[in-house]
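So the structure is just underneath, and the comments pick up after that.
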Ligand code: NAP
């Protein structure tokens, strides 16, 4: 069967939220998928989507979802696959319940990201980690269902930049300071009184996630487990008054010497399976290098390649580490909804969906 012959029916958990809205927008005319079921909290349950959802995207709500009813986040749902964007304390029970009930679950939350038997997937980097699925099914007693996850929205941009460096030169140490958009906190998120004219140097749990997720993503699958990549990451995360797009200042220590031109070539030439397979949501160029001395910037660079690329600039030598650079990644697209859709496309291409 060709990929396009039958559309897979998607159920969205957390459909009314910031990421859920992005998912609905990204899936509105998708060649492989159609939205068939919506679920959210008991505040929304039983209402029509248009009544329950405070739609915040600068596009019209797709007609097809307006009159869809909202179900509780409990199986079964009328769908072939579940994409979940729930608070992680809710996700932990809901996602496992759907997987146990036979549904493939693609998760945006942190609930299962670091579980040894759950792929933490970035399709350009570690598609082979999908080989954990049969291990997970055996260990958790799932018949048909399984769970895969995508990284934290700050980790994604960082790890896209680290992957080509690790492949070509090896990595010894990474320092990252983030300036993160308010949409990363969901809706209503950070109070306007807290964020206007301000920077908040604390995002609960964020630094801890960014300090461990890259090593799993860049880890080697050895038998039935992932051996984490051996470098350390130090992260400091700040919330800034930007609507969308996480900016990150990064310093790296490499295992072997490199020049600035070699670093830029490694970034520019980076490509992976989604590009080879021409998956619909894959950016043609996963990394864009900018030469201007004042780029990347959130407003100018977050939407390049429909929000799926990582834009890197300000690449230079570092007197303490080896190199420093600045990157931007769109947090609700590449960092959440777009990551989940790309993961789903890869599952279809691999015959897992
Ligand atoms: P959000 O805007 O606060 O939306 C949360 C969604 O979860 C809503 O649909 C909400 O439904 C539902 N929900 C809340 N409590 C629930 C409960 N007790 N039972 C069932 N459903 C419940 O949050 P978000 O920004 O979309 O984030 C969702 C997940 O994605 C989180 O785990 C977050 O960490 C992760 N994530 C977010 C981003 C980002 O940039 N925002 C990036 C990466 C990952 P109601 O409308 O009915 O309350």
Residue check: is residue 174 within 20 Å of residue 326 (Cα to Cα), in contact with a strand residue (DSSP E or B) (Cβ under 8 Å, 6 or more places away or on another chain) and buried (at least 24 other Cβ atoms within 10 Å of the Cβ)? yes
Among helices (runs of 4 or more DSSP H) entirely inside the stretch 262-353, those with 2 or more residues being assigned by TED's automatic domain parsing to the domain that holds residue 82 and buried (at least 20 other Cβ atoms within 10 Å of the Cβ) are 338-349
Based on this model, can you work out whether residue 147 counts as within 16 Å of the ligand (Cβ to nearest atom), touching a residue at least 12 places away in the same chain (Cβ under 8 Å) and assigned by TED's automatic domain parsing to the domain that holds residue 249? no
Could you grab me the full set of residues in the stretch 79-96 that are buried (at least 17 other Cβ atoms within 10 Å of the Cβ) and not in a loop (DSSP other than H, G, I, E, B)? 81, 82, 83, 84, 91, 94, 95, 96
List pairs: first residue in the stretch 6-22 and in a helix (DSSP H, G or I), second residue at pLDDT 95 or above and more than 6 Å from the ligand (Cβ to nearest atom) anywhere in the structure, Cβ distance under 6 angstrom, at least six positions apart or on different chains. 19/337; 20/12; 21/57; 22/337
Helices (runs of 4 or more DSSP H) completely within the stretch 112-224 that count 1 or more residues being within 14 Å of the chain's Cα centre (by Cα): 153-168, 206-210, 213-217
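Give me the residue from the stretch 31-78 that is in a loop (DSSP other than H, G, I, E, B), in contact (Cβ under 8 Å) with a residue 60 or more places away in the chain and within 22 Å of the chain's Cα centre (by Cα) and, out of that set, nearest to the ligand (Cβ to nearest atom).
Filtering the stretch 31-78 for residues in a loop (DSSP other than H, G, I, E, B) gives 31-32, 41-47, 53-62, 67-68, 73-78.
Next cut, in contact (Cβ under 8 Å) with a residue 60 or more places away in the chain only: 31-32, 54, 56, 73, 77-78.
Then drop every residue that is not within 22 Å of the chain's Cα centre (by Cα), which leaves 31-32, 56, 73.
Numbers: 31: 24, 32: 22, 56: 9, 73: 4 Å.
The residue in question is 73.
Among the listed residues 234, 222, 204, which satisfies the condition of being free of Cβ contacts under 8 Å to residues at least 24 places away in the same chain and away from the ligand (no atom under 16 Å from the Cβ)? First the steps, then the outcome.
Numbers: 234 fails: free of Cβ contacts under 8 Å to residues at least 24 places away in the same chain; 204 fails: away from the ligand (no atom under 16 Å from the Cβ).
That would be 222, the only listed residue that is free of Cβ contacts under 8 Å to residues at least 24 places away in the same chain and away from the ligand (no atom under 16 Å from the Cβ).
The values are calculated or read from the model by the stated rules, or taken from the named source; none is laboratory data. This one's a predicted model, so the numbers in the text were calculated from it and none came from an experiment. Heads up, the Cβs are rebuilt from the backbone with ideal geometry, glycines too, and the neighbour counts pull from every protein chain shown.
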